[in-house]
Amino acid sequence: MKTRRMSWLAGGSLGALPAAAALLGLPLLPALAGAQQGQPFVPGCTVPYSAIQKHQAIDDSCGIKGNAPDSEPAHQAQNAAKNNLCATGAPKAVTFAALASLQTEADNKLGTYDRDHLPADRSSLQQLGEGSVARIVAFVASAKYSGGTTGESVGCNLKGNANDDIHVVLMEAKGAVKGAQACPSVTAEVIPHLRPAAWTDKAIAGAGHPVRITGQLFFDASHHPCKNGQPEPSSPSRASEWEIHPVYSIEVCKGTTLAACPVDDDSQWSPLKVAAAKKPKPKPKPKPAAAPANPKP
C-alpha cells in the first residue's frame, strides 16, 4: 500500500511551516527554538480531549520540545511531533498490515536512522502520513508507564508515572505478550500533558474488549521494528515504528471480538472509563473467646 496523505505539517522543511500554516489558516506548533525544560506546555490549539483534560504538573514545567537542546534540531523536531495535539481532519482507519507496509516505505525514504541519526527534515514522513489523524481497532496486550528510572527527553527527563507516556502494546489477538511475542504488535502512546483522569495504565490494560484508538500518526525514528521475528537491540518488540502518538481518544467496544467491533460503527463504542477500584477483602470476623473450662470441684 502506498499512502500519500499530506498532513497539516507537510509541505516542505521546518523553516517553511509558518508561511504554509498562515496560508492554510491552520494552527502551528510553537517555534522550534530551544530546549523547553522549565517552560509551560503550549499545545497551540484546543486539544482533542479538552472536555476531559486534566491539568498536570508537567504542563507547567516542560514545553512541547522537551529538553532536547538547540544543538539537536532533529531531536527537537521529533519531540515536538510526539507532543502534537493539533492534527486535524477525519480519522483514517489503519490496519496492522498498513502500518507494516508504511514501515517499508519509511525505510526506503529515510535510509539510515536511529536515536543518534534522527531525520532533520520530516517532510518525507509527512508525505507518508505523519501528522494526519489515524484510527485503529485492536486488543490491548499491555499498557505501562514508559519513563523507567530516568524519564524521557520528551518529558524533560522528569521522573515518575505522572510525567511518563503510557506505552500501549496493541495486538490483533487477545492476550498478554512479552519479548518476541510482541513482534506482531503496533504501539500507541498516551502522553502525560493534560492527560485525562480516566486514562491510566490500569484502565487501558483492563479494557477487556477491543479498543478503538484515535490520534496522530507518528514515526518513531529512534528505533527499528523486529527483524526475522526478533526485536532489534535497544528497540521495542513491534512490527512497525509507525505509532498512534499522541493518543486523542480511547474507546471500548460493546463486543468482544474484532469482527464485532467495526471501526466505523460509532454505536459500538463508548469512552474508556476510570478503572474500578478493587474492593477490599472483608476482614475475617474475630473468633469468639473460648469459654473458660469448668473448675474442678
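Readers should treat all values here as calculations from the given coordinates under stated rules, not as data from a laboratory. Since we're looking at a predicted model, the values are computed, not measured. We place every Cβ from the backbone using ideal geometry, glycine too, and count neighbours over all the protein chains shown.
Miscellaneous remarks
- The alpha carbon radius of gyration of region 156-283, expressed as a multiple of 2.2 N^0.38 Å, is 1.14.
- By the beta-carbon count within 10 Å of each Cβ, the least crowded to most crowded order of 139, 219, fewest first, is 139, 219.
- Cross-link check: pairs 202/227; 54/109; 159/283; 178/254; 82/174 evaluated at a Cα-Cα cut-off of 32 Å; pairs beyond the cut-off: 54/109; 159/283.
- For the pair region 125-154 and region 43-61, the centres of their Cα atoms are 17 angstrom apart.
- Across region 89-135, C-alpha contacts under 8 Å between residues 6 or more apart give a mean separation that, scaled by the residue count, equals a relative contact order of 70 percent.
- Taking amide H as placed 1.01 Å from N in the peptide plane, residue 238 has its amide H under 5 Å from the amide H of 226, each at least 5 places away in sequence or on another chain.
- For 125, 102, 194, order by how many other beta-carbon atoms lie within 10 Å, fewest first: 194, 102, 125
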